[in-house]
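Notes to accompany the following structure.
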Amino acid sequence: MTTAAHTPEGWREWLNAAAPRSRAQARLGQAYQSWRGFRRNPLAIVGLCIILGLLLVAALAPVLTNQSPFAQELAERLRAPDGEHWFGMDELGRDIFTRIIYGARITLMIVVLVAIIVAPVGLIVGTTAGYFGGWFDVVLMRVTDIFLAFPRLILALAFVSALGPGIENAVIAIALTAWPPYARIARAETLTIRNADFISAARMSGASSLRILFSHVIPLCLSSVIVRVTLDMAGIILIAAGLGFLGLGAQPPSPEWGAMIASGRKFLLDQWWVATLPGLAICTVSLGFNLLGDGLRDVLDPKQQ
């Protein structure tokens, strides 16, 4: 590339090239076009800022506060928000602002772990069922239907009751109930492309079914699953908070937002900040994931373009 190509205008021209000279240029150009479409949606940008803020808060928790989320000052219990304690104190004299900041780490951990588990499982189950069809499809989809027949929270409660309370068991319970929608989406996408010309050409060239599945089918279904994961993260947060509220998720004294609401609900009328502020944190993060998911759907889903 010439010196002029290193200017911002040169880079834009290189990324927008109608005939890319390499696969890397084509992929970078596609990513640039997706970003241009994404940033035209102001609500999606708001969602992205909320999620980036959550990541920064979780990463910089020791910098943002010098207090411990577990330290108790019983003489200051139920202290109202003021200049020293922005969000007030809870029933045990713990700083609510500090606990919400450290609770962001727990929320992110649950969301990431569940996404890492359910997205690959749902993607593999759905693409395998859709590509091979026949009795294989029937068996896998009937198992999926069984999981979809129950409300997710009720099913998660049943699993976590059997496994026992705790964050790890809550993640497993949520993951066991969250994968069926991804399998359905991946199967539907696979059914539309399994008889496409490029799949037939790959099959005629001697490519095995597994190679076609992992090299062609799964990459094409990945964008829809990513959109679904992003939109589903708000539901995952709410289920995790619900389990924590019922005492089946994170256990005291862990600063998990749902558990904080549960411990503060008895003071809701007189000391509203104890339960309200963790609830606002849940609502804000859930809203951020929903707005981000809507923006990604508009960019990645060709049917929405």
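Rule-based calculations on the coordinates, nothing more; no lab input. Because the structure is predicted, anything quoted here is derived from the model rather than measured. Methodologically, a virtual Cβ is constructed for each residue, glycine included, from the backbone with ideal geometry; neighbour enumeration extends over all protein chains shown.
Backbone geometry of the range 199-206 corresponds, through the Karplus equation with coefficients 6.51, -1.76 and 1.60 at θ = phi - 60°, to 3J(HN,Hα) couplings of 5, 5, 5, 5, 5, 6, 7, x Hz, x marking Gly and Pro.
Packing, as the average of other Cβ atoms within 10 Å across residues, places the peptides 141-152, 213-224 in the order 213-224, 141-152, highest first. Under a model in which nothing but the beta-carbon of Lys, Arg (+1) and Asp, Glu (-1) is charged, the chain shows a dipole of about 1060 debye around its Cα centre.
Please pull out the direction-averaged projected area of the range 218-299, using the convex hull of its alpha-carbon atoms, in nm² to one decimal place. Can you show the working numbers first?
Details: hull surface 25.5 nm².
The directionally averaged projection comes out at 6.4 nm².
Using 1/(1 + (r/R0)^6) with R0 = 22 angstrom and r between the beta carbons of E73 and M109, what's the FRET efficiency to the nearest 0.05? Each step should come with its number before you reach the end.
Working: r = 27 Å, r/R0 = 1.25.
Rounded to the nearest 0.05, the efficiency is 0.20.
Computed log10 I(q)/I(0) for the range 1-141 at 0.09, 0.13, 0.15 Å⁻¹: -0.62, -0.89, -0.95, from the Debye equation with unit scatterers placed on every C-alpha and solvent omitted.
Explain nothing, just the number: relative contact order of the chain, from Cα pairs under 8 Å at least 6 residues apart, as a whole percent. Walk me through the numbers on the way to the answer.
Working: 415 pairs, mean separation 70.4, N = 305.
Here the relative contact order equals 23 percent.
List the equivalent ellipsoid semi-axes of the chain in whole Å, largest first, each obtained as the square root of 5λ for an eigenvalue λ of the Cα gyration tensor. Spell out each step's value before the answer.
Working: eigenvalues 356, 159, 37 Å².
Equivalent ellipsoid semi-axes, largest first: 42, 28, 14 Å.
Working note: 222 nm ellipticity from helices only, DSSP H runs with n ≥ 4, each -39,500 (n - 2.57), summed and divided by the residues of the chain, gives -23000 deg cm²/dmol to the nearest 500.
Could you tell me the center-to-center distance, by alpha carbons, between the range 100-132 and the range 28-42 in angstrom? Cα centroid to Cα centroid, the span is 25 Å. Here the mean projected area of the convex hull built on the C-alpha positions of the range 166-252 is 6.6 nm².
When peptides 28-34, 90-96 are sorted by average Cβ neighbour count within 10 Å, with the highest value leading, the order is 90-96, 28-34.
Ordered by the number of other Cβ atoms lying within 10 Å of each residue's own Cβ, fewest first, W35, W273 fall into the sequence W35, W273.
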